[in-house]
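Structure first, commentary second.
Just so it is clear, none of the values below were taken in a lab; they were calculated from the coordinates. Keep in mind that what you see is a predicted model, and the values were worked out from it rather than measured. Every residue, glycine among them, receives a Cβ derived from its backbone with ideal geometry; neighbour counts consider all protein chains shown.
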Amino acid sequence: MDTDPTQHGTHGTHTSTRCSGCGWPEDEAYRVVSRHTVSAGQIVYTRCPCGRLRVRLFRVPGAVHG
Ligand SMILES: [Zn+2]
């Protein structure tokens, strides 16, 4: 078996990050805590199944330029 440096640390084409605590994909919101609309889009606070609080920014196309 060869160790190819170009394939180091990659698991297929899935690039989504998972929680280091419970493995929940960060693309999915387990429980939405609160939402805050800002100029760049919308900030959403979500909670993980393991209880960890996360903050995500959903950018709205066209909201920044102007
Ligand atoms: Zn978690």
Average Cα contact separation per residue, region 18-64, under 8 Å, 6 or more apart, as relative contact order %: 30
Using θ = phi - 60° and Karplus 6.51 cos²θ - 1.76 cosθ + 1.60, couplings along region 25-39 (whole Hz; Gly, Pro as x): x, 6, 6, 9, 8, 5, 8, 7, 8, 7, 10, 9, 7, 10, 5
Cβ-derived FRET efficiency at R0 22 Å, residue 40 paired with residue 19, nearest 0.05: 0.35
Where a label projected 7 Å from the Cα of residue 60 along Cα→Cβ would reach, residues of region 24-51 with amide N under 20 Å: 32-46
